[in-house]
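The next block holds one structure in the form of structure tokens; read it before the comments.
What follows draws every value from the coordinates through simple rules; no lab data is involved. This structure is a prediction, so every number in the text was calculated from the model and none was measured. Here the Cβ positions follow ideal geometry from the backbone for every residue, glycine too, while neighbour counts run over all protein chains shown.
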Amino acid sequence: MGLFESSEKFEEVLGGFFRELAENKQIADKLLKSKLIIRFSYTDPDLIIVVDCSGDKLDVRPHDTETKATVEMSMTADVAHKFWFGKVNLTKALTRKEMVAKGPIPKILKLLPAIKPSYAMYPKYLEDNGYSQYNIY
Amino acid sequence: MGGYAGQILYVNLSSGTIEKKPLDMAFARNHIGGLGFGARIYFDLIKKNPDIDALAKNNPFVLMTGPITGFKLDGAARWTIGTKSPLTGFWGDSNIGGFFGARLKFAGYDGIVITGKAENPCYLFINNDTVEIRDAGAYWGKDIYETDRAMVSDLKSETGRSGTVFCIGPAGENLVKYASIINNKRHAAGRAGMGAVWGSKNFKAIYVNGTGKIEAADPKKLDEIKEELKEVYEESIFIDALRASGTPAHIDVGSLAGDVPIKNWQMNEWEEIDDIGPGEIEDKIHAGNRTCYGCSVACKKEAEVKEGPFKMEKGPSPEYETVATFGSMCLNTNIESIAKANDICNRYGMDTITCGATIAFAIECFENGLITESDTDGIRLNWGNAEAIVAMTEKIGKKEGFGAILADGSAAAAEKIGGNAKEYLTTIKRMEAPMHDPRSAHGYALAYAVSPRGACHEASLNFNVEGGSQMIPEIEELSADYEEFSSEERAKLNVACQDYGMFFSCCAIFCNLGAVPLNATQAISIVNAITGFDYTLDEVLQAGRRLWYLKRGLTNLFGARAKDDQVPERLMTELENGPTAGSLPDIDRMLSEFYEIRGMNKDGIPRADVLEKEGLGDLASALNLA
């Protein structure tokens, strides 16, 4: 059993964070430059979220299984949660297939500088939105 | 048997004699190749009289390929060199890619042993069976690019096609203590000052043309393995990243983990780091891709700066380590200047890690008033001063003015500068630490501390395994899930990384980048298919372990003791901010556990019974351990 008790709760927490990122101009503008459509597939609990950077505005769509994504990322909900704290060794996670990424790897790597500032935002987001029980670091 | 060329060249520069000795296959089986051959041959040459100066004529130099060198495989173009290091005073070795190793084997030689000193500048000419020591007067004084071009131009008609050149530049001739030796203008034997050893011998270059073939003992089996590996490589994101951006991809990934040292190791978080990351490299200086012999990964990149103060012709692009030493370490956000500094290092023939780290050290001395413009020939060595960094790099290559002080490395410079300059050092055994922060992965601290050649991330597979790019499922320690930011079990991890790493990247010789996706079964199967031997995992680990003890013993023989295994304060200071805030390796604990596992005494020397068990009784005798 992972840290999040249900898919609904995980969608509320992580989906909410993605929507906050979408409202952050500094981060969103950089992500939009990539034009990627990223589908995150989480397990334990299960959840699918599409982050669509192909338009003029960052669009976060939970449960979207229809859109053809350019990048598919799979991981457990706990690994995802740890990642947004900046506490996942990305190289190791990918080597050991704790995270699986499919798609244009060079373009995916280019997203890293864009999301770097979000690490500092995540704990604050949890605290500010009543999710302090998930603030594990 | 397959894989080996079957001969080793012995070149005595003092007498001008050249001898071709057949490779003893029992020796080959036992030591596999590369530094397995080289360190053993070197030790046999010096063990009766180990009291030698690195730049004296009685310091031998060994160059050895591995059994897989010269085969068209990903990550298999590597070869090795070794000798006593003028930078550290201890055993030094270097691992190189490119084309030279393959061509040498095609000419019929597994390696070259160089002894003595020539009276006048000379080079070694190899064209299959023809091996001659020739006058290098026409090339002495030329930089690496000029030498390479001139030699190929002068000799290609004689050899029927272009040969490949491995040569030193002015830094090696001037005995800069971190001078490198470079093949084909871009593949450097960078660390430990091997180029100065050539310079001291009046030895400029080796030109080799080989047209023979190296056969695998079981080519069908080798083809099967290659087929199996296609899928493994297709699935590897690490390989994809290397193909796309080369080693600078680590700027993006490493900075997330706090692995990239900044401001001479005082920070690991810097808002401007993206200015020197792979995105900026691609936008501003990228000019093409290159590769090593037979490798499809093609992680080598080309750079060009078309205009401005850092204009440079198309040439090798800076690797990650170079971007960090001349960039983040100096708070330098100008990627063109980093490319230019890299170009200068390549032309003069200098290690970019020691050179950039030494300049970062000098900047800190300057900023703190230990040196002034009157010391630095008018150069304002401030943080981020790109022009000053490039100007000082050139001065070091020429060994001119303050550059001559820095040409001996930062440890020697600190002694000359005095004051509290030593507090800014990042050296272990007088070698500047590479660009991976032990506060992000504690085992790195131990890996740097006990590396026989000084602070080095390639001295074992610890960086690959603890850093996460490599996992060896067949070896428990190399596949375990270790707690992050902890020193727990890192001694055990380091020992396993040394034993397997000595086999993998020193004996066989697989590339620590291009061969990362291989597990042990695949790596050993490749060696067996090529050689026809039937190595088991235990056997290659034994050969690796023996080589580690031999290299450690050589460093002990040259005077290293436990005090030389200490990690400098600068790397062992807790940072208040950034991804590694509050993280500090417990180096005393790791060293203590490591000494225990390795059977080393309190002086940091392996015990006699341990060496004898590994078949190194003569090393125990040389160390007076009996």
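Data for the structure
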read-out	value
Single condition B:Asn464 does not satisfy, out of (1) within 14 Å of another protein chain (Cβ to nearest Cβ); (2) of a type outside the set (Lys, Arg); (3) part of a loop (DSSP other than H, G, I, E, B); (4) farther than 15 Å from B:Met590 by Cβ	(3)
Unmet criterion (only one of (1) surrounded by fewer than 19 Cβ atoms within 10 Å (Cβ to Cβ); (2) of a type in the set (D, E, K, R); (3) in contact (Cβ under 8 Å) with a residue 12 or more places away in the chain) for B:Glu539	(3)
Exclusive hit being crowded, with 21+ Cβ neighbours inside 10 Å and within 27 Å of B:Glu484 (Cβ to Cβ), set A:Phe4, A:Phe85	A:Phe4
Qualifying residue in region B:573-587 (condition: surrounded by fewer than 21 Cβ atoms within 10 Å (Cβ to Cβ) and part of a helix (DSSP H, G or I))	no
Residue list for region B:1-47, restricted to those being assigned to a loop (DSSP other than H, G, I, E, B) and without any contact (Cβ under 8 Å) to a residue 24 or more places away in the chain	B:Asp24
Which listed residue is of a type in the set (A, V, I, L, M), within 13 Å of another protein chain (Cβ to nearest Cβ) and either crowded, with 24+ Cβ neighbours inside 10 Å or over 22 Å from the mean Cα position of the chain (by Cα) (or both), from B:Ala404, B:Ala433, B:Ala441, B:Ala447	B:Ala441
Strands (runs of 3 or more DSSP E) wholly inside region B:131-208 containing at least 1 residues that are of a type in the set (Gly, Ala, Ser), out of contact with any Leu (no Cβ under 7 Å at 6 or more places or on another chain) and within 24 Å of B:Gly108 (Cα to Cα)	B:187-189
2 or more residues in contact with a helix residue (DSSP H, G or I) (Cβ under 7 Å, 6 or more places away or on another chain) and not hydroxyl-bearing (Ser, Thr, Tyr): qualifying helices (runs of 4 or more DSSP H) within region A:1-63	A:16-23, A:25-34
Qualifying residue in region A:92-109 (condition: facing chain B (nearest Cβ under 9 Å), under 14 Å from the mean Cα position of the chain (by Cα) and in contact (Cβ under 8 Å) with a residue 60 or more places away in the chain)	yes
Residue pairs meeting the criteria (Cβ under 6 Å; at least 6 apart or on separate chains; first away from chain B (no Cβ under 12 Å), in region A:64-91; second basic (Lys, Arg) and surrounded by fewer than 17 Cβ atoms within 10 Å (Cβ to Cβ))	A:Glu72/A:Lys102
Any hit, region B:362-378, residues being touching a Ser or Thr at 6+ places or on another chain (Cβ under 7 Å) and either crowded, with 23+ Cβ neighbours inside 10 Å or in contact (Cβ under 8 Å) with a residue 12 or more places away in the chain (or both)	yes
Close pairs from region B:314-339: first under 19 Å from B:Ile396 (Cβ atoms) and in contact (Cβ under 8 Å) with a residue 24 or more places away in the chain, partner hydroxyl-bearing (Ser, Thr, Tyr) and not in a helix (DSSP H, G or I), Cβ under 7 Å, at least 6 apart	B:Glu319/B:Thr247; B:Ala339/B:Ser317
Which listed residue, of B:Ala459, B:Ala496, is touching a residue at least 12 places away in the same chain (Cβ under 8 Å), more than 22 Å from B:Ala77 (Cβ to Cβ) and away from every other protein chain (no Cβ under 14 Å)	B:Ala496
Filtered residue count, region A:11-55, keeping only those that are closer than 18 Å to A:Pro117 by Cβ and among the charged types (D, E, K, R)	7
